[in-house]
Ligand code: 6CS
């Protein structure tokens, strides 16, 4: 059972009741999903091979059949993922003259992040924002986002890689599609920071700490390299786990540390620049492939337009989140910003993990070609050797 802090408990109960009603009406049938007319639930394959976003930038055209699409997120109303789903819903409604309604769902309404991923995979939900960490066991290559000091430290450069990378948008996408997940876009929710009670400044500060991670087996190795142990739990249990000290540390973008109040139960926050949190805009593959061309085009162009919008949204929320944490004098949090020298010490421990991951030494089924191509694409953007 998911345990929330008091702030979320009432909201959770009401959402839970509502969502079980909705899922009972629309979910559970892998062909039909939560909504949509017969015409747009995958019965009509137009033969269009529109899987690589060729349509972005062009206006969607044609009349739209009435339909309702469900869009589940891993966050609450007001947080970055939910704001994305709401903005996407507004744009779809506007472009289709109200014919297509997109219904966003908050985290918790439909279970844990892992449950939500399964719901999308089974066709019980048409769209989902997914953090790759929760399907790390199924799609080993998707764990690449958990490597420390692999992507550029600068969120803007990371967003550029995420938006334009062929390794991600073609090759990794194909790996997810084997599991009925089509990532239409990857984007960042901002730089990931560490929180703890010890004040993490050197790799050895992690020794003996139990760090909360998502389901990605690689996260064990990334933190294990510093001497930490890890525990996978859903974020809804994390506040209590930190408070009770069954978990000692965690990582998240700053806006989320603030909105989930993790700083209330942690003494320090380390700005480590070890990676940027990545989220994926995903659709159920069979549902998407069965859509008429104009609906696919509508989705593709809207997702493409959203890349800049969501970058600015996360930037605003992360800046405000940091200010809110600093201003929370009832729950003082020491902010530690690592120096270049301190970051170098972490890099020296983290970088050998990159090649071990690439060579399949840490987790089976990794395609080294994706790693190699992505590494080259990153170097082109950062100008590194
Ligand atoms: O830590 C987590 O698991 C959650 N963090 C964010 C920023 N979004 C959703 C995710 O489940």
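So the values come out like this:
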item	result
At q = 0.21 Å⁻¹, base-10 log of I(q)/I(0) for region 242-281 (Debye sum, equal scatterers on each alpha carbon)	-0.73
Additional length obtainable on full extension of the chain from residue 334 to residue 372, 0.36 nm per residue less Cα span	9.9 nm
Geometric extent, Cα atoms of region 266-385 - Rg, Dmax (angstrom)	20.0, 54
For 101, 302, order by how many other beta-carbon atoms lie within 10 Å, fewest first	101, 302
Cα-based equivalent ellipsoid, region 75-143: semi-axes from gyration tensor eigenvalues, Å	24, 13, 11
Taking N as its residue count, the alpha carbon Rg of region 187-226 over 2.2 N^0.38 Å	1.25
Size-normalised alpha-carbon gyration radius of region 207-267, reference 2.2 N^0.38 Å	1.05
Radius, Kirkwood style, for region 127-175 when every pair of distinct Cα atoms is counted (Å)	11.7
Alpha carbon convex hull of region 143-238, volume per residue in cubic angstrom	122
Exposure proxy ranking, count of Cβ atoms within 10 Å, fewest first, for 296, 373	373, 296
Residues of region 117-144 with amide N under 15 Å of a point placed 7 Å along Cα→Cβ from residue 364	137-141
Using a Förster distance of 22 Å, the FRET efficiency for residue 323-residue 198 (Cβ separation, nearest 0.05)	0.35
Ratio of the Cα radius of gyration of region 72-186 to 2.2 N^0.38 Å, where N counts its residues	1.12
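Rule-based calculations on the coordinates, nothing more; no lab input. This one's a predicted model, so the numbers in the text were calculated from it and none came from an experiment. Reconstructed Cβ throughout: ideal geometry from the backbone, glycine too, with neighbour counts over all protein chains shown.
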